[in-house]
Amino acid sequence: MGLTILPQGLTVDVDPGVTVLEACRQHDIDLPGICGGRGRCRECRVIVVDGEAAPSALDHSLLEPGDVARGWRLSCQLQVDTPLTIELPPVSLKLLDPAVVLPQLASIEPVIQDVTVDLSGTPADSDRAAVELLDDALEASGVAVRRSSVAALRGLGLALARHETVLRCLVHDHMLLDVRPRSSSPLLYGLAIDIGTSTVSMALLDLADRAMLSVETERNPQGAYGGDFMSRIAFAMEKDDNLRELQRKIVSGVNRMVERLLSSYGIARHDIALVTVVGNPVMHHLFLGLDVKTLGGFPFRPVLDARMTVPAAELALRLEPATPVVNLPLISGYIGADAVGVAIALDLLGRSDTAMAVDVGTNAEVALVHRGRLYVCSAPAGPAFEGAQMACGTQARPGAITRIAIDEARQQLRLDTVDEKPPFGIAGTGIVDAVAELVRVGVLDASGFMRDTMHWPAWLRERAHAAGEMRAFVVARDAEGRPLYLHQGDVRELQLAKAATAAAIHYVMHAAGIRAADLDHVYVAGAFGSYLDPVSVLRIGLLPDVPLRARRVRRQRGIGRRGSGDVVAPASRSGGAGGTRGRAGRHGDRRILPGGVRRQTPPGPLVILC
């Protein structure tokens, strides 16, 4: 059967009875399936443009009646039995604005050694291998080389054939990566990749200037097989080919991001000299193609927990074959390299204060340093923070509502959307804001129960909506007039994710024997965490109940050790508690304090979003 997919304009052959979601999986078309195709979320919905597609019982249950009438269907339930044309909802290929990242790369030592050597003194009648002569010259320069890549040997041979004796040598971890003429471009770049369960982030770094040039973020393409890592483990265990499919998906996604960065910046492929990768244990194993069965249950034993460096060719990455791909170590079978990356970026083990870092996401991870000792914990928060399993939730695509503030003085809601497009759905940060604001104005009580509309502020009652048997609050309407709302079930989903994260925070604090008042700094990390409003985070109880005295510092994991300078913004809101909020990355009076010295502020922990 023919399935035509818009806006790509792609027509593919599909076996009768195959669902649209499965067909998109087979043809590498990005369509999320947060619940793993079990008909429990709305993320895989599509519009039927042409063809017969009677709505299923789940379509009627999960979608608004008006949406069903307009042709919206759950792709996991829609079988291709006749020729069909569907349209996918808009997707953002770049979810994280680089403006929110503060480049503060200050490596103590270079991760790639760029050494110039001169072989002009080599006797003309010497029959020693050229690589031995080069190794001796490098050792004389203080660089020990134990092995060489084929690419380096080719470069050496070509240079000597052209009678070039002054050569640039690129060395990483005692391996000679490349040999170039002295006149070659001095530019060297690195990639730092964070493979999250829901989101993949990639930073492009100039290794010479130690500057961050760009950050690309897109959905993890494995999301078509489930929104949480247990769904991925279950899929991988069904048959051996599924593990290879999951690895192929993530490698293909990383390659797409690499191609975009190379194209956007006009960078030659061979100038990417180093790649560093982090992720939770399951994402780490799937990227490397390692079996994940033992990570799915006690004792959660990983196949590998040490740092591992492999050439790009071994992972089918579209880089120079010998480019080293450094996978940071895991802490355990359930605390991953992403936690290691946060600990390195914040220099947690080198600090004398008491600091906590919370990586908010599908798999929440918490690290706490107190009196020189590091405590770490993880918790399966689920994809609710990413907007999944919510009635009108969505990931951060154009039109996703990322900020919500209720302005009681003007009796209106103020919204921010991705790319300032008309509202399409509510992103995770918008859901956190909505719950925090509805608690503040009395629509929700302290337990999260949505009160009867007679107890709502009078001017908000017109926003009441019936979502099946559940009461709901309409945040906005999309371009077609459909309500975008938050209902009681959404609040409970957020509470479950928040409770898992808060439990991990409580556990590490209990293990360290500290209270909230003992915290000097609290960091909220991750692409999702960087957009959270600290006031909302504290109001819903995600973080310990601490006095809020500063707003945010923008950081991104990179290659090498990071500096310690901070960017601090005041905690006050414009217009009081219900006032307006600026767009993400431009809120407040942000200022860089030289030398890492912080401006004097009232006592209390510094809550930092990075």
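Whenever you get a sec, line up 270, 284 from highest to lowest accessible area (probe 1.4 Å, protein heavy atoms).
Numbers: 270 85, 284 10 Å².
Putting 270, 284 in descending order of accessible area: 270, 284.
Once Lys and Arg get +1 and Asp and Glu get -1 on their Cβ, which of 277, 247, 357 lies farthest toward the positive end of the dipole of the chain? Result: 357.
Which trypsin sites (Lys or Arg not before Pro) from region 108-213 combine a DSSP loop assignment with at most 14 other Cβ atoms within 10 Å? Could the numbers behind the result be given before it?
Details: sites: 128, 146, 147, 154, 162, 168, 182, 210; in loops: 128, 146, 162, 182, 210.
In loop regions of region 108-213 (DSSP not H, G, I, E or B), the sparsely surrounded trypsin sites (Lys or Arg not before Pro) are 128, 146, 162, 182.
Of the residues 53, 113, 460, the one whose Cα sits farthest toward the positive end of the charge dipole of the chain, with +1 on the Cβ of Lys and Arg and -1 on the Cβ of Asp and Glu, is 460. Using only alpha-carbon positions in region 353-472, the gyration tensor eigenvalues give semi-axes of 31, 18, 15 Å once each is multiplied by 5 and square-rooted (largest first). For region 232-305, applying the loop criterion from DSSP together with a ceiling of 13 other beta carbons within 10 Å to the trypsin sites (Lys or Arg not before Pro) yields 239.
Using every Cα-Cα pair within region 1-74, state what percent have a distance larger than 22 Å. Could you put the intermediate results ahead of the total?
On the way: 523 of 2701 pairs.
Within region 1-74, distances greater than 22 Å cover 19 percent of Cα pairs.
Taking the three principal axes of the alpha carbon atoms in region 224-359, the coordinate ranges are 48, 44, 24 Å, sorted in descending order. Comparing 296, 19, 236 along the charge dipole axis of the chain, the residue lying farthest to the positive side is 296, per the Cβ-charge model. What shape does region 385-542 have by the C-alpha gyration tensor, where a ≥ b ≥ c are the square roots of the eigenvalues, rounded means a/c under 1.5, and otherwise prolate means a/b greater than b/c and oblate the rest? Prolate.
Convert each backbone phi in region 417-427 into a coupling constant with the Karplus relation 6.51 cos²θ - 1.76 cosθ + 1.60 (shift: θ = phi - 60°), then list the ³J(HN,Hα) values in order as whole Hz, x for Gly and Pro. Karplus-based 3J(HN,Hα) across region 417-427 equals 10, 5, 6, 6, 7, x, x, 10, x, 10, 6 Hz. Exposed loop sites, defined as chymotrypsin sites (Phe, Trp or Tyr not before Pro) outside DSSP H, G, I, E and B with at most 13 other Cβ atoms within 10 Å, are absent from the longest region of the chain, namely 1-299. Taking the Cα centre of region 261-396 as origin and assigning +1 to Lys and Arg Cβ atoms and -1 to Asp and Glu Cβ atoms, the resulting dipole is close to 220 debye.
How big is the dipole moment of region 229-304 about its Cα centre under a simple scheme where the beta carbon of each Lys and Arg is +1, that of each Asp and Glu is -1, and everything else is neutral? Debye, nearest 20, please. Please list the in-between numbers first.
Values: 10 positive and 7 negative charges, 16 e Å.
Dipole size: approximately 80 debye.
Across the chain, Cα-Cα pairs more than 39 Å apart make up 34 percent of the total. Once the Cα atoms are used to define both axes, helix 240-265 deviates from the longest principal axis of the chain by about 80 degrees. By a 1.4 Å probe calculation restricted to protein chains, residue 116 has an accessible surface near 80 Å², given to the nearest 10.
Against the main long axis of the alpha-carbon atoms of the chain, helix 488-512 sits at an angle near 50°. Restriction of the GluC sites (Glu not before Pro) in region 441-516 to DSSP coil positions whose beta-carbon has at most 12 other beta-carbons within 10 angstrom yields 469, 480. Enter the angle in degrees (range 0 to 90, nearest 10) between the Cα long axis of helix 130-140 and the first principal axis of the Cα atoms of the chain, meaning the one along which they spread out most. Once rounded, one gets 80 degrees.
Using every Cα-Cα pair within region 175-214, state what percent have a distance larger than 17 Å. Working shown, then result.
Values: 385 of 780 pairs.
I get 49 percent for the Cα pairs in region 175-214 exceeding 17 Å.
Per residue, the chain exposes 41 Å² of solvent-accessible protein surface, assessed with a 1.4 angstrom probe and all protein chains in place.
Give, as a single signed number, the net charge of other residues whose beta carbon lies under 13 Å from the beta carbon of residue 36, with Lys and Arg counted +1 and Asp and Glu -1.
Values: positive: 25, 38, 40, 232; negative: 22, 43, 228, 238.
Surrounding charge for residue 36 is 0.
Ignoring aspartates and glutamates fewer than eight residues from residue 239 along the same chain, the ones with Cα atoms less than 18 angstrom from its Cα are 22, 291. With all protein chains in place and ligands, DNA and RNA left out, the 1.4 Å accessible area ranks 359, 209 as 209, 359, largest first. Charged side chains reduced to their Cβ positions (Lys and Arg at +1, Asp and Glu at -1) give the chain a dipole of some 1740 debye around its Cα centre.
The values are calculated or read from the model by the stated rules, or taken from the named source; none is laboratory data. Since we're looking at a predicted model, the values are computed, not measured. Ideal geometry is used to build each Cβ from the backbone, glycine not excepted, and the neighbour counts take in all protein chains shown. Remember, those area values only see protein heavy atoms, side chains included, never the ligands or the DNA or RNA. Shrake-Rupley method; radii C 1.70, N 1.55, O 1.52, S 1.80 Å.
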